[in-house]
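The values are calculated or read from the model by the stated rules, or taken from the named source; none is laboratory data. The model shown is predicted, which means the values in this text are computed figures rather than measured ones. Counting neighbours? That spans all protein chains shown, and the Cβs are built from the backbone with ideal geometry, glycine included.
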């Protein structure tokens, strides 16, 4: 049997996916869904959001933040940073247990930081008071990797305001000065 890596295959047509899905038994579908959710648990919220398309649209966010649907975003300095997770208030990404584990847990972020220092040979020369900043940057990297996978050097994506604000609240800058989104090179 020949093995062809998935990355080298062209994307299957919608009709072939429909046929494959139709050929699966209920138990196979259930097992398949469980496997997918083990691999990418955040997908359940995307699917729930799609299923709610027939429901009335979520109310706008806080006053002055009309672009927010999750009601957890705050005003951001640039249009590019005015991004919401687009979930309902109950399903906001910033309230998920996995977000808390991956992006807000200091122990987890400390291990990430140590690993990154070991791999990149950045060393431990730190400015006094820089720990919160380093945790914020690690949390931003974790969010992107969790939601989008590896982007490669110079490729950056905007993180939803609700998540950025939760990270900043957890690891605040003493002067309240934050860099904001910087596009890749």
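List pairs: first residue in region 22-36 and free of Cβ contacts under 8 Å to residues at least 24 places away in the same chain, second residue assigned to a helix (DSSP H, G or I) anywhere in the structure, Cβ distance under 8 angstrom, at least six positions apart or on different chains.
24/32; 29/21; 36/43
Under 6 Å between Cβ atoms, at least 6 apart or on separate chains: pull out the pairs that start in region 100-115 with a residue that is at positive phi and in a helix (DSSP H, G or I) and end on any residue that is surrounded by 14 or more Cβ atoms within 10 Å (Cβ to Cβ) and modelled with pLDDT under 80.
Final answer for the pair search is none.
Tell me, please, whether a residue that is under 25 Å from residue 37 (Cα atoms), modelled with pLDDT of 90 or more and surrounded by 11 or more Cβ atoms within 10 Å (Cβ to Cβ) can be found in region 146-153.
No: zero hits.
When you look at residue 134, is it at pLDDT below 90 and outside any helix (DSSP H, G or I), yes or no?
Values: at pLDDT below 90: yes; outside any helix (DSSP H, G or I): no.
So residue 134 fails the test.
Do you know which residues across region 154-185 are buried (at least 18 other Cβ atoms within 10 Å of the Cβ), under 17 Å from the mean Cα position of the chain (by Cα) and not in a helix (DSSP H, G or I)?
Answer for region 154-185, where residues must be buried (at least 18 other Cβ atoms within 10 Å of the Cβ), under 17 Å from the mean Cα position of the chain (by Cα) and not in a helix (DSSP H, G or I): 159, 160.
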